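A.B. asks: First the structure, then my questions, so here it is.
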Amino acid sequence: MTSAQTDSPWVARAEADGVLVVSHQGGAMESVRDERGVLANALELAKLGHPVLPCWGVRDDGTCRCPHGEACKSTGKHPLSRKGFAPNGLDDATTEADTIIGWFAQDSGKLNLGWRLDGLGVPDVDVADGKIGGQTVAELEAEHGPLTPTLTIRTGRGGLQYVYELPGVDTEQYGDSLGTNVDFKRGAGAYVMVPGSKTVDVYRIESGKLGEHEPLPQWVHEVARRNPLDQVRQRRKQQREATARAEAIDSTRLAESLAECDSKAACLNLSPGHPDRSSYDWVKKTAGYEARDARDTTARSYADYYAAMCAYDGASDHPRYDYDPEKFDEILTFVWREESTKRAEVSTNQATRELWRADTEAYKATGEYDNEANKALLRTVTQEEAQKERAAADWKPPADERAGNLADRLARERPKVPHRFEGLGKVGANTTVAAQYKAGKTTLVCNLVRSLADEVPLFGRFELNTPLSGNIAVFNYELDDDEFEDWLADQNIKHPDRVHLLHLRGEKLPLVSEPVEEWVTQWLAERDIEALIIDPAARAFSGCGDENSNQDVAAFTEAVDVIKHNAGVRDLWMPTHTGRGQEEAAERSRGATRWDDWPDVLWKLVKGDTGNRYFGAQGRKVNQAEIELSFDSGTGRLGTTGGGDRQSAAEETEVGRAVQLLRTHLSQHGECSKSQLSGQISSTKKKAERVMKLAIERGKIIEHKADKPGKPHQLSLPSS
């Protein structure tokens with residue numbers, strides 16, 4: 001093979017043994033033999049349109065030839081970033097044969113070569129040092145079918161790489177892993193080593209040919225898309241990289257700013273009589289420091305104020321703290337002599353004057369410029385800017401298909417999201433269950449589990465409109481392991497195999513922690529969990545901050561949402577404890593208001609004055625009025641009594657008591673007036689009249705109007 005480019009000083013030719021030899025046309029350098037075949041393979045790939053890039057080789061002792069040597073964590077497998085090779089990494093990959101030959105010759109044939117995966121996807125199986133990539137592939141093939149035969153490369157550490165076609169496929173949502181020790185490399189942002197490259201051993205073609213690649217099996221697409229743990233890791237990696245970049249920038253900028261603070265303080269704290277202080281150069285210098293402060297603090301009025309103050313100090317006989325508004329325009333003219341627009345801008349800025357006034361008072365008390373306060377301000381501001389920078393680095397624009405004008409959006413066909421339980425919330429909802437102290441929260445959870453697993457109505461009333469296709473998980477923080485399982489056993493669930501328990505009483509599982517988030521995501525995904533119950537929220541929140549802090553609770557609920565999304569969980573229920581005391585507090589979640597702002601639906605479970613339990617629900621297109629629940633102590637199952645809310649029950653009790661009081665009075669006295677019964681019902685006239693009115697309206701008591709003025713109205717009971 002010979003380079004077709006006549007302007008190249010290098011020429012590659014095949015010798016009798018088939019090995020390529022690269023020589024310099026002018027004879028300036030010795031010929032280099034392609035003993036490993038890496039150059040020949042790279043040139044064949046380039047001819048087929050596959051970009052190739054130079055990578056560091058390895059020394060005879062097996063260490064990387066890069067500057068890190070034996071400390072390198074990617075020996076022989078990372079781009080050769082020296083000038084003339086690939087200083088821009090993957091962006092320098094090329095299909096130009098002369099360039100590739102030149103790289104090989106200039107490095108005396110010691111380099112390795114990488115193959116950029118434009119339009120390709122490669123499952124990369126790691127078996128080195130006890131890795132179980134081979135076992136993972138076997139399990140995947142047992143579940144989905146064998147990998148289609150294609151070009152297969154044996155790596156330098158004994159692993160296998162399957163090279164498949166992946167043309168025109170958007171793989172942004174694909175994970176970088178198909179399972180334990182099986183990476184998934186794809187597209188122009190990834191590469192593998194060209195056969196003939198050497199790390200521990202030489203990469204070689206195991207089967208197939210370089211230019212022959214089968215389409216990626218459909219099941220690999222599906223596995224790559226659904227791998228939630230890798231998506232979490234990839235997102236966290238991007239966040240860490242953004243943080244590192246931001247902190248590097250901030251630390252440099254902050255160090256410069258703090259150094260300037262010291263220089264500025266030295267200038268500003270010169271005594272008013274110091275000769276350097278009265279010079280125009282001093283004014284310009286100090287004003288310049290304050291202008292740089294504006295860059296750091298982003299508060300223009302702050303910088304304007306200091307520049308004016310410095311000018312005032314330098315140009316007048318007044319001490320700095322002797323604020324003189326009449327001198328203001330004179331000062332502005334002194335600082336911005338030729339900038340009339342700037343003078344007008346500052347002159348009308350009331351904040352400038354107020355800041356000046358406030359600082360002069362502080363200076364009057366201390367006698368010098370407060371340098372430490374300014375340093376503290378700069379530290380705070382740089383931290384805030386770092387947070388903004390990290391947020392910007394992690395931001396992605398919303399997908400185009402989620403935007404549009406209202407007419408177009410309304411014209412499109414929109415899928416209707418059904419309710420999971422009729423009238424209690426749509427599929428995919430986050431639901432909190434606000435329950436009073438000892439109101440039966442755990443009993444409700446057990447009933448919910450049974451209804452989901454056995455596909456029966458909740459409380460025998462609310463139909464399961466959309467049965468689960470996956471399983472149910474319960475994170476039980478509340479009860480002892482055996483006790484909770486006993487409660488579920490009482491329910492006599494017919495499909496217990498659909499229910500997965502994670503007992504966490506006495507354990508901490510801070511969901512806001514990255515390792516915990518990854519572990520929980522994987523645990524849920526591996527069990528195909530579609531419905532998750534976290535009971536209760538307060539104990540799950542342990543280790544995540546202050547439950548009364550909206551900021552801490554927001555971070556926790558966001559972590560829950562991320563886990564839910566990445567693990568493929570659709571529905572979430574999270575019981576919360578209510579406050580005690582006032583009626584309003586007894587019906588809302590205890591702690592930060594975020595607990596009630598976050599969910600899509602709020603269920604509530606409360607006790608009435610008689611000890612009966614009542615259930616209700618409110619939320620997005622959910623408005624279930626309070627109903628009374630019944631309880632079967634033998635099975636632990638909840639039902640409905642047909643009764644209404646607590647107010648209705650209380651009224652019924654009051655009316656029943658009034659009827660009984662009237663019956664007793666009539667049996668003893670033969671007749672009873674309204675005033676007589678009123679006194680027995682309540683010492684409060686207003687309450688007695690309300691109860692009596694209800695009893696009469698409901699036909700429980702009959703009122704007889706007096707036949708003569710001045711006589712009391714009599715009461716009787718309806719005939720049975």
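Please treat every number below as a calculation from the coordinates, not as lab data. Note that the coordinates shown come from a computational prediction; the quantities given were computed from them, not determined experimentally. Virtual Cβ from ideal backbone geometry, glycine too; neighbours counted across all protein chains shown.
A.B. asks: Pop the C-beta distance of Asp490 and Tyr437 into the FRET formula with R0 = 22 Å and round what comes out to the nearest 0.05.
C.D. replies: 0.50
A.B. asks: To continue, here is another question. Could you calculate the contour length gain from Asp91 to Thr635, that is, 0.36 nm times the residue separation minus the distance between their Cα atoms, to one decimal place in nm?
C.D. replies: The Asp91-Thr635 span can extend by a further 189.1 nm.
A.B. asks: Follow-up. Test of the criteria: in the range 477-571, which GluC sites (Glu not before Pro) are in a DSSP loop and have at most 16 other Cβ atoms within 10 angstrom of their Cβ?
C.D. replies: Glu507
A.B. asks: Something else: For Thr653 and Ala138, compute 0.36 nm times the residue count separating them, minus their Cα-Cα distance, and round to one decimal in nm.
C.D. replies: Working: separation 515, 0.36 × 515 = 185.40 nm, distance 6.85 nm.
Length difference between fully extended and current span is 178.6 nm.
A.B. asks: Cα atoms only, the range 648-716: Rg and Dmax in Å?
C.D. replies: Reported Rg and Dmax, both Å: 11.6, 38.
A.B. asks: Take the range 448-555, drop everything but the C-alpha atoms, weight them equally and run the Debye formula without solvent; then report log10 I(q)/I(0) at 0.10, 0.19, 0.20, 0.21 Å⁻¹ to two decimals.
C.D. replies: After summing over all Cα pairs, the log10 values are -0.34, -1.06, -1.12, -1.18.
A.B. asks: Greater than 24 Å separation of Cα atoms is the criterion. Which listed pairs, Lys564/Lys607; Lys131/Lys185; Lys607/Lys687, meet it?
C.D. replies: Numbers: Lys564/Lys607 32 Å; Lys131/Lys185 18 Å; Lys607/Lys687 22 Å.
Over 24 Å Cα-Cα: Lys564/Lys607.
A.B. asks: What is the distance, in nm, between label points placed 7 Å from the Cα along the Cα-to-Cβ direction at Lys416 and at Gln173?
C.D. replies: Each label point is offset 7 Å from its Cα along the Cβ direction, giving 2.5 nm.
A.B. asks: Right, next: In debye, nearest 20: dipole of the range 65-206 around its Cα centre with unit charges on the Cβ of K, R (+) and D, E (-)? It would help to have the intermediate numbers written out before the result.
C.D. replies: Values: 14 positive and 20 negative charges, 142 e Å.
For this selection, approximately 680 debye.
A.B. asks: Restricting the calculation to Cα positions, tell me the Rg (one decimal) and the Dmax (whole number) of the range 10-226 in Å.
C.D. replies: My reading of the Cα-based Rg and Dmax gives 17.6, 60 Å.
A.B. asks: Work out from phi, with θ = phi - 60° and the Karplus expression 6.51 cos²θ - 1.76 cosθ + 1.60, the ³J(HN,Hα) of each residue of the range 82-90, listed in order in whole Hz, and give x for Gly and Pro.
C.D. replies: Karplus-based 3J(HN,Hα) across the range 82-90 equals 5, 4, x, 10, 9, x, 9, x, 4 Hz.
A.B. asks: Next question. Take the Cβ-Cβ distance between Arg402 and Ser542 as r, set R0 to 35 Å, and report the resulting FRET efficiency rounded to the nearest 0.05.
C.D. replies: 0.45
A.B. asks: What residues from the range 162-204 fall in the zone where the backbone N is under 17 Å from a label point 7 Å along the Cα-to-C-beta line of Glu212?
C.D. replies: 162-165
A.B. asks: While we're on this one: How big is the Cα convex hull of the range 430-640 in projection, averaged over all directions, in nm²?
C.D. replies: Reported value for the Cα convex hull: 11.2 nm².
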